Structures are given as structure tokens and as C-alpha cells.
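*Asks:* One structure is given below, represented as C-alpha cells, and several questions about it will come after.
The values are calculated or read from the model by the stated rules, or taken from the named source; none is laboratory data. Everything quoted here is computed from the prediction, not taken from an experiment. All Cβ positions, even for glycine, are placed from backbone atoms using ideal geometry, and neighbour counts span all protein chains on display. Keep in mind that these areas ignore ligands, DNA and RNA; they rest on the heavy atoms of the full protein, side chains included. Shrake-Rupley method; radii C 1.70, N 1.55, O 1.52, S 1.80 Å.
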Amino acid sequence: QVQLVESGGGLVQAGGSLRLSCAASGSIFSINAMGWYRQAPGKQRELVANILGGGTTNYGDSVKGRFTISRDNAKNTVYLQMNSLKPEDTAVYYCNANAPYIGFWGQGTQVTVSS
């Protein structure tokens, strides 16, 4: 089992920045990718960004150039730096960790961007 604890959400004005953190614990040796997804009211959960074991990163089209995913292996933590935030970025952001044949999710953290 892997436990994921997110932090860093909140309320910010459009154009502002936030940094989300996701700390992993438990069977972290099994993790081969970690990332962030988000879900806005009435919408499907979508990929924001992920980082694979070798360091390759992927981003959703709507956040490219504004968000950056990174990790600190020593702290078993993944970060999402969000800049130039827009009202349409408002959503619950979920941390995800993938291991062979199974995925794990955090409890979610609310990000609200006011116009």
C-alpha cells in the first residue's frame, strides 16, 4: 500500500501562483510514476502532469508552460508549481501514484482561482 498526503491548495487571485506537495509513504519502492490530476464540478478527472521513474514529464495541454512538476526523491515528495493561474484552473487536485497493476490516490486538495 501507498499513502499520499497532499498540501498546498487554497484561494488565489488570477495570475497568482500556488505550489502543491504530495508526500508518499508505505510501499514506495513499487511506484513507477507519480502525478497530479484535477476534477472540476461537473467535469471528468483530467491529467494535469505526471513524472515517470526516469524523470520524463508529461503535461495536460491546458497547463503547458504554466505548471511544472518536480520531485524530491529523498523526501518521497512530488511538487506541482502552478503559475499564471486562471479561474478555469479551479478544481480539486488529486495526487496519484502508479505501481504495477494498481494506482493510489490522495484525498484531494481544493484550488480556487478568483477572477
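*Asks:* I'd like to know if the stretch 19-35 contains one or more residues that are assigned to a loop (DSSP other than H, G, I, E, B), touching a Gly at 6+ places or on another chain (Cβ under 6 Å), on the phi < 0 side of the Ramachandran plot and open to solvent by less than 60 Å² (accessible area, probe 1.4 Å).
*Replies:* no
*Asks:* Sticking with this one: Quick check on my filter: what residues within the stretch 44-92 are open to solvent by 60 Å² or more (accessible area, probe 1.4 Å), of a type in the set (Asp, Glu) and not in a helix (DSSP H, G or I)?
*Replies:* Once the filter is applied, which keeps residues that are open to solvent by 60 Å² or more (accessible area, probe 1.4 Å), of a type in the set (Asp, Glu) and not in a helix (DSSP H, G or I), the stretch 44-92 yields Glu46, Asp61.
*Asks:* Does the stretch 98-107 contain at least one residue that is modelled with pLDDT of 95 or more, open to solvent by 40 Å² or more (accessible area, probe 1.4 Å), aromatic (Phe, Trp, Tyr) and in contact with a Leu (Cβ under 8 Å, 6 or more places away or on another chain)?
*Replies:* The answer is yes, given that some residue of the stretch 98-107 is modelled with pLDDT of 95 or more, open to solvent by 40 Å² or more (accessible area, probe 1.4 Å), aromatic (Phe, Trp, Tyr) and in contact with a Leu (Cβ under 8 Å, 6 or more places away or on another chain).
*Asks:* Out of (1) within 22 Å of Val113 (Cβ to Cβ); (2) modelled with pLDDT under 95; (3) buried (at least 17 other Cβ atoms within 10 Å of the Cβ), the odd one out for Val2 is which?
*Replies:* Against the list (1) within 22 Å of Val113 (Cβ to Cβ); (2) modelled with pLDDT under 95; (3) buried (at least 17 other Cβ atoms within 10 Å of the Cβ), Val2 comes up short only on (1).
*Asks:* Moving on. Give me the residue from the stretch 18-76 that is among the polar types (S, T, N, Q) and closer than 25 Å to Ser114 by Cα and, out of that set, nearest to the chain's Cα centre (by Cα).
*Replies:* Going through the qualifying residues, I end up with Ser21.
*Asks:* Out of the residues in the stretch 1-18 meeting the condition of being polar (S, T, N, Q) and not in a strand (DSSP E or B), tell me which one is nearest to Tyr101 (Cα to Cα).
*Replies:* Taking the stretch 1-18 as the starting set, the residues that turn out to be polar (S, T, N, Q) are 1, 3, 7, 13, 17.
Within this subset, residues satisfying the condition of being not in a strand (DSSP E or B) are 1, 17.
Working: Gln1: 12, Ser17: 35 Å.
Going through the qualifying residues, I end up with Gln1.
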